[in-house]
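Scroll down for the structure; my scribbles are underneath it.
The values are calculated or read from the model by the stated rules, or taken from the named source; none is laboratory data. Here the structure is a predicted model, which is why all the values come from computation and not from measurement. Glycine also receives a Cβ, built like all others from the backbone with ideal geometry; neighbour counts cover every protein chain displayed. With ligands, DNA and RNA removed, areas are computed over all heavy atoms of the protein, side chains included. Shrake-Rupley method; radii C 1.70, N 1.55, O 1.52, S 1.80 Å.
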Amino acid sequence: MEEKYYKKLWWEIILATLSFSVIPLFVLGIVIYQQFSVSYTAKIMDSLKTLAENRCSSVDLFFEERLSQLISLANTHSVEKLKDEDYLNKVFNIIQTRSKSFLDLGVIDHEGNHLAYVGPYYNILKGVNYKNEDWFAAVMTTGTYISDVFMGFRKIPHFIIAVMVREKNRIWILRATIDSDILENIVRAAQLGKKGDAFIINRENILQTAPRFSGKLLEHPITPDFAAASGTQAEELPVQGQDNLFATSVIKNKKWVMVIREDPKEQLTPLLRARFLAALIGLGGVLLITIGAVFTTKSMMKELMAMERKKALSDEISIQSSKLAALGKMAAGIAHEINNPLAVIGEKAGWLKDLLNMEDISHSQHLQEFSDTVAKIEQYVVRAKTVTHRLLGFARRMEPVAEKVNINSVMDEAIDFLENESRYRSIDIQTDYYPNLPLTLSDSGQLQQVFLNILNNAIDAIGKDGEILIKTKHIAKNNEIAIAITDNGPGIPKDMLNKIFDPFFTTKEVGKGTGLGLSISYGIIEKLGGRIMVASEEGQGTTFTIYLPIR
Ligand code: ADP
């Protein structure tokens, strides 16, 4: 019942401590993580957007440079000169020494005839007519033109930059082609990490550069369709069941869309690491709190139990002592009541004895019988007086006193009390008293109680047929008296030795032992300024030794 109550209390305290500390810890951890996660993701998205914008600017710059190169070439040379392929070759070589961005250069008249060409596809392109090509119509209407990437007559991916020139009454076109690899080189700088990808699509969602993982040049990419994108944007979208981060930005000169794709796992690694770390710290915290709570509660419970036991003990002691006091009073009353009749019986027996000595009776044939009877009466009156005397002594000792005590005679009285019991169980009580043991200022009543407790335990331990040896000694150098009570009972197991002085510890059957004898004795001896020790050998016996200061 008591155990159950403490167990329940233990759980209640632990659960309360845990919920009051772990729940706030969790809430705090989750809130901090959420905040961190939101701001970190926003930062990643921003940097992806910036990257997309930067790459777009680079492509724009590239287009602008190429266009202005062509425009200035067209405006500073007449068609007549450029028609001459030797001359065109010379100009082309000069341009190429600065940068190898043009693949070839061609001059086309207003009817689409290829008038002159320098470049690696001379055999294929010389004399070709472009009149029916889309780009030709476009450049004739808009003046400058940048095409999408296409295969063309040469069957190699490239795109065209062309400018239309009005020269007096003639119209002609200066056209350059650019290898699509160049665009790829610009875009590649944005292919981050192990799984990052970057590519350009046109408004039909056709790839203008070859991506790393997201598809093939001139085909649709394996990503959501960003062909209608405007401005710069970043969002998280699934591709084949996996989340991806995308940033898109539009290239001004061509209205192409730059797409940057990132694996969120790679980009968000620090965030995931932070989450793992937070979880680890949280778990450690919970563990620590739990251990702390368990330990604190345990020691609290221990303290509580000890306190309750102490209280129970002191309650028990006060009940016992009030019982004893009542018993003492009663004993004193009885002793007084009996003493008076005993005195009268004693006196009358004496008178009877005197009468027997008188002449007439001394001749009686029953004289011997009379005189034996009177002697017996006197003997039993003395015996009864001793008992009443002892009862009075017992009653007197119920009050704590300080008196000159002869330990040997207090012990004798205790042995007297147990005489019948020990005889009945054939236990031999031997004494080996120190001669002239000094008297000491103490409380004989309480000492007797201690001796009785220890002797009773010894008798109980032996059961039947055994021996108890009581020794007293004066230890002059410590100015103390030692009283050793040794029995040849079964002894006390080692693991029990430190428990026998605990209140309520008993191995005796219910109703026989209270477990209070030794703890009360311990308290009494301590109060009298002494100490009590036990030594026991299993199977051999037990010795309790009491040391008392001589005062
Ligand atoms: P109780 O006598 O009511 O059991 P005590 O406090 O006097 O309470 O003793 C506690 C226990 O110590 C006993 O139950 C017994 O197991 C053990 N004990 C005490 N004295 C002896 C002894 N002389 N030999 C063996 N065991 C003993």
Segment Glu65-Glu526, extension gain: residue separation times 0.36 nm, minus the distance between their alpha carbons:
155.3 nm
If the label point sits 7 Å along Cα→Cβ of Ile14, residues of region 264-300 with amide N under 19 Å come out as 283-300
With labels modelled as points extended 7 Å from the Cα through the Cβ direction, what inter-label distance (nm, one decimal) is found for Lys255 paired with Asp495?
9.2 nm
The alpha-carbon pair-distance distribution computed for region 34-182, with 10 angstrom bins and whole-percent values, is 10, 38, 29, 9, 7, 5, 2, 0
Could you check the simple spin-label distance between Thr50 and Glu378, using points 7 Å along Cα→Cβ, in nm with one decimal?
12.8 nm
Accessible area (Å², 1.4 Å probe, nearest 10) - Trp11
130 Å²
With Cβ to Cβ distances under 9 Å as the rule, what net charge do the other residues near Ser426 carry (K, R +1; D, E -1)?
+1
Please give the solvent-accessible surface of Asp134 in Å², to the nearest 10, using a probe radius of 1.4 Å with every protein chain present.
130 Å²
With a sphere of radius 14 Å drawn around the Cβ of Gly215, what net charge do the other residues whose Cβ falls strictly inside it have (Lys, Arg +1; Asp, Glu -1)?
-2
Work out, step by step, the length gained on full extension between Val534 and Ala274: first 0.36 nm times the residue separation, then minus their alpha carbon distance; give nm to one decimal.
87.4 nm
What is the distance, in nm, between label points placed 7 Å from the Cα along the Cα-to-Cβ direction at Thr97 and at Ile334?
14.2 nm
Helix 407-417: inclination vs the chain longest Cα principal axis, degrees, rounded to 10, gives 80 degrees
Report the extension gain between Met301 and Asn456 in nm, rounded to one decimal, defined as 0.36 nm multiplied by the number of residues separating them, less their alpha carbon distance.
52.4 nm
Loop-located trypsin sites (Lys or Arg not before Pro) in region 487-541 whose Cβ has at most 11 other Cβ within 10 Å (DSSP)
Lys512
Once all protein chains are kept in place, Thr144 shows an accessible area at probe 1.4 Å, nearest 10 Å², of 60 Å²
Between Glu308 and Val286, what is the FRET efficiency for a Förster distance of 25 Å, r being their Cβ-Cβ separation, to the nearest 0.05?
0.20
Considering only protein heavy atoms and a 1.4 Å probe, what is the carbon-and-sulfur percentage of the accessible area of the chain?
58 percent
Excluding residues on the same chain fewer than 8 positions from Lys155, give the aspartates and glutamates whose Cα lies under 20 Å from its Cα.
Asp104, Glu133, Asp134, Asp179, Asp181, Glu184, Glu219
So, with +1 on the Cβ of K and R and -1 on the Cβ of D and E, and no other charges, what is the size of the charge dipole of the chain about its Cα centre, to the nearest 20 debye?
2300 debye
Karplus-derived 3J(HN,Hα) from phi for region 419-436 (6.51 cos²θ - 1.76 cosθ + 1.60, θ = phi - 60°), whole Hz, x at Gly and Pro, runs 3, 4, 4, 5, 5, 4, 9, 6, 10, 8, 9, 9, 10, 9, 8, 6, x, 6
Between Lys126 and Arg188, what FRET efficiency comes out of the Förster formula 1/(1 + (r/R0)^6) with R0 = 35 Å and r the beta carbon distance, rounded to 0.05?
0.55
For a quick check of your reading of the filter: which trypsin sites (Lys or Arg not before Pro) in region 143-220 sit in a DSSP loop and have no more than 11 other Cβ atoms within 10 Å?
Lys155, Lys168, Lys194, Lys216
Positive end of the dipole of the chain, charges at C-beta (+1 Lys, Arg; -1 Asp, Glu), about the Cα centre: which of Pro157, Leu245, Phe295 has its Cα farthest in that direction?
Pro157
Reach of Lys90 by Cα under 26 Å, taken over lysines that are not fewer than 8 positions away in the same chain
Lys81, Lys100, Lys126, Lys168
Relative contact order [Cα under 8 Å, 6+ residues apart], region 404-551, whole percent:
25 percent
What ³J(HN,Hα) values, in whole Hz, does the Karplus curve 6.51 cos²θ - 1.76 cosθ + 1.60 give for region 453-469 when θ = phi - 60°, with x put for Gly and Pro?
4, 5, 5, 4, 4, 5, 4, 4, 5, 5, x, 9, 6, x, 9, 10, 10
With every protein chain kept in place and ligands, DNA and RNA left out, what is the accessible area per residue of the chain? Probe 1.4 Å, answer in Å².
58 Å²
Percentage relative contact order, the chain, counting C-alpha pairs under 8 Å, at least six apart:
9 percent
Ordering Leu283, Leu82 by the accessible surface of their heavy atoms, 1.4 Å probe, largest first, yields Leu283, Leu82
Taking the Cα of Arg203, stepping 7 Å toward and past its beta carbon, and measuring to each backbone N in region 136-159: which are under 18 Å?
136-150
